[in-house]
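Here, each number is a calculation from the coordinates, and none is a lab measurement. The model shown is predicted, which means the values in this text are computed figures rather than measured ones. Here the Cβ positions follow ideal geometry from the backbone for every residue, glycine too, while neighbour counts run over all protein chains shown.
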Amino acid sequence: MSKRTPVIYHETQAFGRRYSGIILAIPPAALIFITCRQWIWHQQWGNSRIPTSGLAALSILLVLVYLRLITVRLVTDLRPRELQVRLSGLLWKRKIPLDRIRTARAIAYDAIRDFGGYGIRSGLRGKAYIASGSGGVELELQSGSRLLIGSQQPAQLARAIAAWRLAG
């Protein structure tokens, strides 16, 4: 699909777990503390002395990774011939041709119980792409497999997929 193909439905979702940003900040914060302890207060960490320049470089790298991770978004685009789900900020994308979708229905789910958390997941109910919330669209593909796409507007997305699948 070219970038000029019109987008029928578009949704962008942030990964909305309240404390995930804090949890993700722990490793870079700990490494910054260790670096400062060694560089400013001249107290080495552990038995072996790691070069301060190496600790500083690793601290900067971890901060950059942290900043990238907290800006990742789940983007869902419905186009005339395909449904595209991607993680903006990461190099991951899945395209699902509309003719491979048997059914699309809005459902409620529990991300932790049903899929073990948020992100790209697999569970007893199939594969899932979940950013936040407890609503989504469950797709049954022609192959018989199931795919859940998390959405803040699941009924609207399910109607749009069904309408364009039938029109195509």
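Under 5 Å from the amide H of Glu82 lie the amide H atoms of Leu98, each residue being 5 or more positions distant or on a separate chain, with H modelled from the backbone and absent for Pro and chain starts.
Among Thr103, Thr52, Thr12, the largest mean-square fluctuation in a Gaussian network model of the chain (Cα springs under 10 Å) belongs to Thr52.
The 3J(HN,Hα) values that the Karplus relation (6.51, -1.76, 1.60; θ = phi - 60°) gives for segment 93-101 are, in residue order, 8, 10, 10, 10, x, 4, 6, 9, 9 Hz. Gly and Pro appear as x.
Per-residue extension of 0.36 nm, minus the Cα-Cα distance of Asn47 and Ile23, leaves a gain of 5.9 nm for this segment.
By the count of other C-beta atoms within 10 Å, a proxy for reagent exposure, His42, His10 are ordered fewest to most as His42, His10. If one takes the longest principal axis of the Cα atoms in the chain, at what angle in degrees, from 0 to 90 and to the nearest 10, does the Cα axis of helix 52-70 lie? Once rounded, the angle reads 20 degrees.
Under 5 Å between amide hydrogens, built in the peptide plane, is the criterion, and for Trp45 it picks out Ile50 among residues at least 5 positions away or on other chains.
Applying both filters, DSSP loop and at most 15 other Cβ atoms within 10 Å, to the trypsin sites (Lys or Arg not before Pro) of segment 57-135 gives Arg81, Arg125. Seen from Gly89, the other residues with C-beta closer than 14 Å to its C-beta sum to a net charge of +4, counting Lys and Arg as +1 and Asp and Glu as -1. Close amide H partners of Arg102, meaning residues 5 or more places away or on another chain with modelled amide H under 5 Å apart, are Glu140, Leu141, Gln142. Ordering Ala30, Leu78, Pro51 by the projection of their Cα atoms onto the charge dipole of the chain, which places +1 on the Cβ of Lys and Arg and -1 on the Cβ of Asp and Glu, puts Leu78 at the extreme positive end. Basic side chains Lys and Arg get +1 at the Cβ, acidic Asp and Glu get -1 at the Cβ, and with that the dipole of the chain about its Cα centre reaches some 320 debye. Per the Debye calculation on the chain with a single equal scatterer at every Cα and no solvent contribution, log₁₀ I(q)/I(0) for q = 0.10, 0.11, 0.12 Å⁻¹ amounts to -0.50, -0.57, -0.63. Each residue of segment 121-127 was assigned a 3J(HN,Hα) from its phi angle through the Karplus curve 6.51 cos²θ - 1.76 cosθ + 1.60 (θ = phi - 60°); the sequence is 10, 10, x, 5, 8, x, 8 Hz, with glycine and proline shown as x. Placing pseudo-labels 7 Å out from each Cα toward the beta carbon at Ser122 and Val63 gives an inter-label distance of 3.8 nm.
Applying both filters, DSSP loop and at most 16 other Cβ atoms within 10 Å, to the chymotrypsin sites (Phe, Trp or Tyr not before Pro) of segment 25-58 gives Trp41, Trp45. Which of Ala155, Ala104, Ala131 moves most in a GNM of the chain, Cα contacts under 10 Å? Among Ala155, Ala104, Ala131, the largest mean-square fluctuation in the Gaussian network model of the chain belongs to Ala155.
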